């Protein structure tokens, strides 16, 4: 099922505006940075010409967890290239990969590692950012930390009351994503829960998980860290909070890549796809990724 948008238009615009202002001194330097990275002419005239000449449609599909960063990149890319239309369907990681294989989209967004069969089919896992899965509770729940073993036992159905974790006698409601979700795949793989996780509710988007936990006193769920808000609270795992430093230093264990997969090397893609990745790797693109609450891949800073 295609997820509904989880970010409002104003939220996306505020994010992209903050990211834009955070870059090296405004539009002129941003333009030069993007040109330099892409290997195009260093002259303003040549760059202006490339902006006008690039036209057409670019389609992406996949992970709902990647919506925040993808929408921010999409908006600023289309501002830079006004004759290009970028469309994104948030259908889940596996559905996006299926669409790429079937040539129904140009790029597949995946919030999990690509599987061996997907790699063998020629898909290339272009990592644009590093994300963490936050373990979230209802704000009324006083629990502030769980061990990995407690978390695994909760999702196996072996711990059923918060009393067993030092909390109240409230029953635990284990909430997760549907089959095919990149978040679910990453969560179960990282915790060795494949085929053993038991969910009280399986929901079809990151936003739905956040909303359900916020409305459920005994609820627990997992979401992308970049969409955290004060409707829920994130717990430490083994005493480690999912901070940027903990994620970058790999001290927080629930870490996964955000991938924009292509069928083959980027250099073999259409000019539009190549321009998209050139933009992501430009200084402006990197600032937008960081402003979205994500960590740049190693070597991309």
Once the Cα atoms of segment 118-218 are picked out, what are the Rg and Dmax in Å?
15.1, 51
Could you sort the peptides 284-294, 154-164 by per-residue average Cβ neighbour count (10 Å cutoff), highest mean leading?
284-294, 154-164
Over all alpha-carbon pairs in segment 184-261, figure out the percentage whose distance exceeds 16 Å.
58 percent
Burial-style ranking of 213-221, 145-153, average other-beta-carbon count within 10 Å with highest first, yields 213-221, 145-153
Pop a pseudo-label 7 angstrom from the Cα along the beta-carbon direction at both residue 121 and residue 78 and give the gap in nm to one decimal.
2.8 nm
Ordering 58-69, 86-97 by per-residue average of other C-beta atoms within 10 angstrom, highest first, gives 58-69, 86-97
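We did not get these values from a lab; they are worked out from the coordinates using the rules stated. Note that the structure is a prediction, hence the values are computed from the model and not measured. FYI the Cβ positions are ideal-geometry reconstructions off the backbone, even for glycines, and counts take in every protein chain you see.
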